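Engineer: Got a structure for you, questions after.
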Amino acid sequence: MPVRAAVRILIVTDTHRTQTNGVVRTLSTLRDILQRRGHVVGWIDMEGFAALGWPTYPEIRLALWPGPALARQIEAFAPDAIHIATEGFLGMAARRYCRKRRLPFTTAFHSRLPEYLASHVGLPLWFSFAWLRWFHGASAGVMVSTPTQRRELQDRGFQRLRAWTRGVDQTLFFPRPHTGASAFWRSLPRPALLYVGRVAPEKNLEAFLSLPCHGSKVVVGEGPSRRALEQTYPEAHFLGVLQGEALAQAYCASDALVFPSKTDTFGLVMLEALACGTPVAAFPAPGPLDVIGPTLEAPRPVGALHPDLQIAVAKALRVSREACVAYARTFSWAESADQFVGNLRPFNPQRRALSEKAAPEPGEILESATAAAV
């Protein structure tokens, strides 16, 4: 049943509120909207937990033995609904808490974790997907951002999939005249091609930076690959993380956003660029296929998809900026929040006192094996 009355909603995420990425921005925007609607939103993230950095990606933090402290935070907040946003050690601890007390919860796919693990540590895709089926198999609703992602997960045996799209902040991301751009942007040889996102191996940045280009390439973001890429591509401009007005100005001052990733579930930066009037060039991969698609042969008039990224860039540079703005306005954070709330499964608050364990489920042995971490 859809949620209509105000409820106490708890979000558990293995991210940190100071991080700049699509997961944090999505959840932060969602929290603000829900609070304005009268819901009480609790937030448990990596703040206050002892953590260890991922060896090849120190920005990713793994909570150490979070179970007891997380349980205390959940009980202190006394939620009516629990959403587990990520599958890390905090997410596993929250899942274990809910399973022991027979509390329904929802989960979401924010990233293509199997592809990331294959890229960083060589973990086989079949193993990662098997583990994710176990993790999400206990969820009352698994939220996915695009039809492509839903079809892929259905084909891999995932169930109870629920639509949860994304929006764009149109009070921040809207067209500005190029004359108002900073001296840096005005001095760039044209076309100015922009990348926004994590500077990490899974983002396939070299496909962008290695393109033959008579203009300029600008990279906005941070990550473990930045130093190596700066050395390999000294002609590119690496600006680090930009937020708020500075990020909006970067979109507006660019001639195209290049989105080289093949492993994103959505790609929020594409919507932000479009809202500023900047067309998108990308590979025909999940994320771009849903935002820029629907098909390679008949893309929407807001960008270009092509297996050859150089061809995609050339086509995107001919796209109408006005068409980009009009299309981006069809994506609403209000609608995204409506879907999220409709997907929740609130429970009777009195059931929080239940202490009996849930019946064993497939994968319980795996859960027990990881109990030391949660």
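The values are calculated or read from the model by the stated rules, or taken from the named source; none is laboratory data. Please read all numbers here as calculations on a predicted model, not as lab measurements. Quick reminder, even Gly has a Cβ in these numbers, built from the backbone with ideal geometry, and neighbours come from all protein chains shown. Please note that ligands, DNA and RNA were not included when accessible areas were found on the heavy atoms of the full protein model with its side chains. Shrake-Rupley method; radii C 1.70, N 1.55, O 1.52, S 1.80 Å.
Engineer: Every residue in region 205-216 that is open to solvent by 50 Å² or more (accessible area, probe 1.4 Å) and modelled with pLDDT of 95 or more, please.
Structural biologist: Listed by number, the residues that qualify are Glu206, Ser210.
Engineer: Here is a follow-up. Considering each residue of region 131-156, count those that are open to solvent by less than 70 Å² (accessible area, probe 1.4 Å) and part of a helix (DSSP H, G or I), and give that number.
Structural biologist: Residues flagged as open to solvent by less than 70 Å² (accessible area, probe 1.4 Å) and part of a helix (DSSP H, G or I) within region 131-156 amount to 10.
Engineer: Among residues belonging to region 340-354 that are open to solvent by 40 Å² or more (accessible area, probe 1.4 Å) and either part of a loop (DSSP other than H, G, I, E, B) or within 19 Å of Met270 (Cβ to Cβ) (or both), point out the one that is modelled with the lowest pLDDT.
Structural biologist: Only one residue fits best here, namely Leu354.
Engineer: Looking only at residues that are open to solvent by less than 10 Å² (accessible area, probe 1.4 Å) and either in a helix (DSSP H, G or I) or without any contact (Cβ under 8 Å) to a residue 24 or more places away in the chain (or both) in region 71-98, which one is farthest from Val144 (Cα to Cα)?
Structural biologist: Among residues in region 71-98 that are open to solvent by less than 10 Å² (accessible area, probe 1.4 Å) and either in a helix (DSSP H, G or I) or without any contact (Cβ under 8 Å) to a residue 24 or more places away in the chain (or both), the one farthest from Val144 (Cα to Cα) is Ile74.
Engineer: May I pose another question? Which number in (1) surrounded by 15 or more Cβ atoms within 10 Å (Cβ to Cβ); (2) within 20 Å of Val269 (Cβ to Cβ) marks the one condition that Thr107 misses?
Structural biologist: Looking at each condition in turn, Thr107 falls short on (2).
Engineer: Which of the residues belonging to region 256-268 are under 12 Å from Gly303 (Cβ atoms) and at pLDDT 95 or above?
Structural biologist: Ala256, Leu257, Val258, Phe259
Engineer: Looking at (1) outside any loop (DSSP other than H, G, I, E, B); (2) more than 30 Å from Leu153 (Cα to Cα); (3) without any contact (Cβ under 8 Å) to a residue 60 or more places away in the chain, can you tell me which one Glu235 breaks?
Structural biologist: (1)
Engineer: If Ser128 passes every condition in (1) open to solvent by less than 30 Å² (accessible area, probe 1.4 Å); (2) in contact with an Asp or Glu (Cβ under 7 Å, 6 or more places away or on another chain); (3) farther than 23 Å from Val40 by Cβ but one, which one does it miss?
Structural biologist: Tallying (1) open to solvent by less than 30 Å² (accessible area, probe 1.4 Å); (2) in contact with an Asp or Glu (Cβ under 7 Å, 6 or more places away or on another chain); (3) farther than 23 Å from Val40 by Cβ, Ser128 fails exactly one: (2).
Engineer: For region 3-34: of the residues being modelled with pLDDT of 90 or more and surrounded by fewer than 18 Cβ atoms within 10 Å (Cβ to Cβ), which is nearest to the chain's Cα centre (by Cα)?
Structural biologist: Here the residue is Ser28.
Engineer: State all residues of region 217-239 that are among the polar types (S, T, N, Q) and either open to solvent by less than 70 Å² (accessible area, probe 1.4 Å) or touching a helix residue (DSSP H, G or I) at 6+ places or on another chain (Cβ under 8 Å) (or both); if no residue qualifies, say none.
Structural biologist: Residues satisfying the conditions are Ser225, Thr232.
Engineer: Condition first: part of a helix (DSSP H, G or I) and either of a type outside the set (Gly, Ala, Ser) or at pLDDT 95 or above (or both). Now tell me which residues in region 40-70 satisfy that.
Structural biologist: Pro68, Leu70
Engineer: Tally the residues that are of a type in the set (A, V, I, L, M, F, W, C) and modelled with pLDDT under 95, restricting the search to region 223-241.
Structural biologist: Residues meeting the conditions: 1.
Engineer: Here's another thing I want to ask about it. So is Glu272 closer than 28 Å to Ser28 by Cα, charged (D, E, K, R) and modelled with pLDDT of 95 or more or not?
Structural biologist: Yes; evaluated as a whole, the condition is true for this residue.
Engineer: Every residue in region 173-198 that is at pLDDT 95 or above, in a loop (DSSP other than H, G, I, E, B) and within 26 Å of the chain's Cα centre (by Cα), please.
Structural biologist: Phe173, Phe174, Pro175, listed by residue number.
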